[in-house]
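Shown next, in structure tokens, is the structure this report addresses.
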Amino acid sequence: MMKVSLPRGLAILGITSIAMSIVGCGGNSEPVLSGPVVAIEAAPTKSACPTKDSTGAALTVDVPANTECYTGTNSKGSAYIIAVPPNWNGNLLLHAHGGPDLNPNPDRVSEVLDRWDIMVRAGYALAGTAFQPGVEVRRAAEDTERLRGIFRTHIARPKMTILHGQSWGASVAVKAAETYNRDTVGEVPYDAVLLSAGVLAGGTRSYDFRTDIRVVYQHLCNNHPRPTETQYDLNLGFPAGVIAPTNANLTTRVNECLALNRPAAQRTPEQAAKIATLLASVKIAENQIVSHLAWGTRHFQYISQRYGASPFGNTGAEYNAPTNAEALNASVQRFKADVTAYQKFAEDADYAGRIHVPVLSVKWVDDPTAFVELDAHFKTLMQQSGTADQLVQTFVSAAESHSYISDATYVTLLSSLSQWVTTGQKPTVLSVSENCPTAAAVFGAGLACKFNPTYTPPSLESRVPARERPPTN
């Protein structure tokens, strides 16, 4: 990812330096709060901004000189980082990271600043938490709200707080925005929400395609598990209490069957036909087969153990195939989602889209990890909740990766959100696109501006087959 230093031309974006003292706030004028923000949290420690990861490898953190960094661990054991630039514009960017991490990640906190230092260069204070390992969305949302309280109590009272969710963190941000509001915490905690590359259909729908890849792959290859290995229901991911295969092990199995490690011309007709069937059925890219198979193994194992059974199923799903789809659908294994597990998982990882502050989202139209059809479902949720007037969805035709689009893209989105909150004037997809060249004149590294103002995503069901679902509570 290309990065540039903070230029003096920042003023052309309307991001004004505001002289504010970095002190704790208090007094009788403070609103009465409830929820995680009032928990007794220790003050963070002022420290040097990170330059190396846990292995000693150099990071590419690029923040203005004299940026003040703070680190700490909240009362639930989640580490966090805060960075405040010398030209702070008074606004806080509260970040929820992607993932989730199934094991402790010692570099997650430094990665927050390493990847999102553009926010600091653009004048925003940045705060992000390394969530506790696991897939629990509510717990991550609570960690995020606790960090807001830490900043508010021990650093400063921001003029505006923008909640940013990236990838899986977008689900965390939506859950936080629904859970914490004036009624529950005594004030409006988040003035706006930014969602980038979001997994936005809730847990019970966003991962259906990983159930599909497990059953279709097993039908075609029959080596995960092998016939000589213990058999198990594929929607469990992997048997409880057994260490799941590594990515290297899964890669070996996939190459045995599909020869993805060979050029297409060197594959047998049978291998080529299996690849074509898998990609048509699950609608992912060839280079994503192993990664999604891995998530459908380890991620699903954690979830099924967490809830005592699998919340995933494929009963009723009809798969496409280049030839003989009827035989495919008659042959793949079928599983029903456990009702109790489904309901518990939905309670934790689903949401209704009841967000009453401005929400701006961005998605790369070819995102291989969080595909655009998820955004179509999220829009439907907000429409059903009567909050669609608070949503503007944008799409880009190119990106550096699922994890990062471009510097100018994020600066443009933040500027549009800030103006929406400040003036009450809702941006349009076209206005966001037209504003991007101004940001790119200053933050032009990488791909710069690739907004596609005419793009509309197809429905989720056009990509992931509909299926039977248990009732929710």
Please find, among L279, L234, L260, the residue that is farther than 16 Å from G296 by Cβ and at pLDDT 95 or above. L260
If we scan the stretch 161-169, do we find a residue that is in a strand (DSSP E or B) and over 30 Å from T423 (Cα atoms)? no
Within the stretch 335-393, can you find the residues that are among the basic types (K, R) and surrounded by 21 or more Cβ atoms within 10 Å (Cβ to Cβ)? K363
I'd like to check something: does the stretch 273-288 contain any residue that is touching a residue at least 60 places away in the same chain (Cβ under 8 Å) and among the acidic types (D, E)? no
Is it the case, given these coordinates, that A65 is closer than 14 Å to I150 by Cα and part of a loop (DSSP other than H, G, I, E, B)? no
May I ask you to list the residues in the stretch 410-444 that are among the small types (G, A, S), under 23 Å from the mean Cα position of the chain (by Cα) and more than 17 Å from I162 (Cα to Cα)? S433
Filtering the stretch 185-228 down to residues that are acidic (D, E) and open to solvent by 10 Å² or more (accessible area, probe 1.4 Å), which residue is farthest from H95 (Cα to Cα)? E187
Among the residues of the stretch 298-333, count how many are surrounded by fewer than 22 Cβ atoms within 10 Å (Cβ to Cβ), over 22 Å from L460 (Cα atoms) and of a type in the set (S, T, Y). 4
For the stretch 41-56, does any single residue satisfy the condition of being small (G, A, S), closer than 18 Å to Y124 by Cβ and either open to solvent by less than 80 Å² (accessible area, probe 1.4 Å) or part of a loop (DSSP other than H, G, I, E, B) (or both)? no
Which numbered condition in (1) crowded, with 21+ Cβ neighbours inside 10 Å; (2) over 16 Å from the mean Cα position of the chain (by Cα); (3) not basic (K, R) is the only one that N87 fails? (1)
If you scan the stretch 114-171, which residues turn out to be of a type in the set (A, V, I, L, M, F, W, C), open to solvent by 10 Å² or more (accessible area, probe 1.4 Å) and over 14 Å from the mean Cα position of the chain (by Cα)? M160
Given (1) more than 23 Å from I40 (Cα to Cα); (2) open to solvent by 10 Å² or more (accessible area, probe 1.4 Å), V174 misses just (2)
Enumeration of residues in the stretch 242-264 that are open to solvent by less than 50 Å² (accessible area, probe 1.4 Å), farther than 13 Å from N287 by Cα and more than 26 Å from the chain's Cα centre (by Cα): R253, C257
Would you check which residues across the stretch 429-443 are in a loop (DSSP other than H, G, I, E, B) and either open to solvent by less than 40 Å² (accessible area, probe 1.4 Å) or within 16 Å of V357 (Cα to Cα) (or both) and list them? V442, F443
Quick check, is K336 within 23 Å of the chain's Cα centre (by Cα) and at pLDDT 95 or above? no
Would you check if A294 is open to solvent by less than 50 Å² (accessible area, probe 1.4 Å), touching a helix residue (DSSP H, G or I) at 6+ places or on another chain (Cβ under 8 Å) and modelled with pLDDT of 95 or more? yes
Please state which of the following conditions V120 fails to meet, knowing it meets all the rest: (1) out of contact with any Phe, Trp or Tyr (no Cβ under 6 Å at 6 or more places or on another chain); (2) assigned to a loop (DSSP other than H, G, I, E, B); (3) more than 16 Å from G149 (Cβ to Cβ). (2)
How about the stretch 402-417: which of its residues are touching a Pro at 6+ places or on another chain (Cβ under 8 Å) and not in a helix (DSSP H, G or I)? H402
Within the stretch 192-235, count every residue that is under 22 Å from the mean Cα position of the chain (by Cα), within 12 Å of S281 (Cα to Cα) and among the hydroxyl-bearing types (S, T, Y). 1
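The values are calculated or read from the model by the stated rules, or taken from the named source; none is laboratory data. Bear in mind that the values here come from a model prediction, so they are computed numbers and not experimental data. Methodologically, a virtual Cβ is constructed for each residue, glycine included, from the backbone with ideal geometry; neighbour enumeration extends over all protein chains shown. The protein model used for the area step is the full one, side chains on, heavy atoms only, and it has no ligands, DNA or RNA in it. Shrake-Rupley method; radii C 1.70, N 1.55, O 1.52, S 1.80 Å.
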